[in-house]
Amino acid sequence: METPTPPGRTNPDSPRSHRDRTRRTRRIATDVNVTQPRTRQAEHYKEQSGVSRVDRPAAHGGATVGGVQHGDWIMFEPYWLGDASAFTARVSAGGAGGTIELRAGAPDGRLLGSARVAGGGGWDGATFTTVTGAISRAPARAGKICFVFTGGSGDLFEIDEIAFTTPS
Ligand SMILES: [Ca+2]
């Protein structure tokens, strides 16, 4: 024999509470379902400006992002930085060197961190080093992230791979 819900008490199966539960579940699932390896090949960008893919047998994935000059950039999307505290870039610094800036949303978006690349390594295509930049003020939501390259004149460096440091 069924017991009717007493007046004044909230029925957990009412349409309203069901809808709230559904909305909450969907929002959490959206964040979790963003697929993003912690390590990313630089040449697997979604969009770019000014750079080119360079075949390098010694590079991870067999290629780098080269032809990098001041103001060039690569973009990845979607990307959720979450609790990442730093990024690292595997670079070949045969040129002038410069800086890798991580920016949110657009090439001129909010600066989240930067890493300095020393120059003068020689363009042998086989010598790589890793540079690190701390991340702060990362966006709470997934979106575009851009790596913007700055420096002097001429080719600056090549980028092989990018990775993010997270606590977990
Ligand atoms: Ca690579």
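Read-outs: derived from the displayed coordinates by stated rules, not from any lab. Keep in mind the model is a prediction, meaning the values are calculated, not measured. As a convention, Cβ positions derive from the backbone with ideal geometry for all residues, glycine included, and neighbour counts pool all protein chains shown.
Over all pairs of different C-alpha atoms in the stretch 36-165, the reciprocal of the mean inverse distance, the Kirkwood hydrodynamic radius, equals 14.2 Å. Estimated translational diffusion coefficient (Stokes-Einstein, Kirkwood radius over Cα pairs, 37 °C, 0.692 mPa s) of the stretch 49-95: 258 µm² per second. Looking at the stretch 90-152, the chymotrypsin sites (Phe, Trp or Tyr not before Pro) that sit in a DSSP loop and have at most 16 other Cβ atoms within 10 Å of their own Cβ are 123.
The separation of the stretch 50-86 from the stretch 119-151, counted between C-alpha centres, amounts to 8 Å.
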